[in-house]
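Some notes on the structure that comes next.
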Amino acid sequence: YNPVTYANSARKAAMRMARMAFTTAKQSNGQTVERAVKNKDVKFRNEIELEDYITALIEAQEGMCALTELPLEMDEKDGDKELICSLDRIDGNGHYEKDNLQVVCKFANRWKSDSADSEFRRLLRLLKNCV
C-alpha cells in the first residue's frame, strides 16, 4: 500500500465520477428517448410446462437463490419482498428456455439487470469476501 499512489488513484476516480455526473446531468433535459427492447421468446409449450420447469429448478436449488445462496421467499404477502423468488435468464440476450433459466431473489435479479451472469457472480464473490 502506497498512500501517494492510492491518493492519486482516488483522485482520478473522483474526477471520472464527477465528470460522469456532470455529463449525465447535462444530458438529462427531459427529452423522449426511443429504445429497442430485447426479443424475449418463451420456448415452452405452455405455462404449465414452464411452471413445472421452474418448480424443478427451485427444488434443484434447494429453495436457495442461484446467485446469492440466500433462502428464497415464495409468498410476497407474508415474506420479505426483496427475497421473493424471481425468474432470471442466465444469458440476458437469450430466451425463456431450458438451461437459460435460474431462480433468484428479486433484489439480485434487479441488481443483475442485463449484466452477464459470470460478471455478476464475480462481483458477488467480491462482496462476500469483504463481509
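Treat every Asp and Glu Cβ in the chain as -1 and every Lys and Arg Cβ as +1, leave all other atoms uncharged, and give the resulting dipole magnitude about the Cα centre to the nearest 20 debye. Mind showing how you got there, number by number?
On the way: 21 positive and 22 negative charges, 288 e Å.
Rounded to the nearest 20 debye, it is 1380 debye.
For the residues SER115, SER86, SER28, a GNM of the chain with alpha-carbon springs under 10 Å puts the largest fluctuation on SER28.
Counting heavy atoms of the protein chains alone, ILE48 has an accessible area of about 110 Å² for a 1.4 Å probe. Of the residues GLU59, GLU73, GLU34, the one that moves most in a GNM of the chain with alpha-carbon contacts below 10 Å is GLU34. Pairs with C-alpha atoms separated by more than 22 Å, drawn from the list LYS26/LYS106; LYS81/LYS112; LYS98/LYS128; LYS40/LYS98; LYS106/LYS128, are LYS26/LYS106; LYS98/LYS128.
Our compactness index for the chain, the C-alpha radius of gyration over the empirical 2.2 N^0.38 Å, is 1.40.
Restricting to DSSP H runs of at least four residues, report the calculated mean residue ellipticity at 222 nm for the chain, -39500 (n - 2.57) per run over all residues, nearest 500 deg cm²/dmol.
That calculation yields -15000 deg cm²/dmol at 222 nm.
For VAL33, the solvent-accessible surface with a 1.4 Å probe is about 100 Å², rounded to the nearest 10. Backbone amide hydrogens, once placed in the peptide plane, bring GLU73 within less than 5 Å of ILE84, CYS85, excluding anything fewer than 5 places away on its chain. If the elastic network links every pair of Cα atoms under 10 Å, which of ALA14, ALA60, ALA36 fluctuates the most in the Gaussian network model of the chain? In this elastic network of the chain, the residue with the biggest mean-square fluctuation among ALA14, ALA60, ALA36 is ALA14. Per-residue SASA remark: ASP99, around 140 Å² accessible (1.4 Å probe; ligands, DNA and RNA not included).
The values are calculated or read from the model by the stated rules, or taken from the named source; none is laboratory data. The structure presented is a predicted model; accordingly, all values stated were derived computationally and were not measured. Cβ sites come from the backbone with ideal geometry, for glycine too, and all protein chains shown count toward neighbours. Heavy atoms of the whole protein, side chains included, go into the accessibility calculation; ligands, DNA and RNA do not. Shrake-Rupley method; radii C 1.70, N 1.55, O 1.52, S 1.80 Å.
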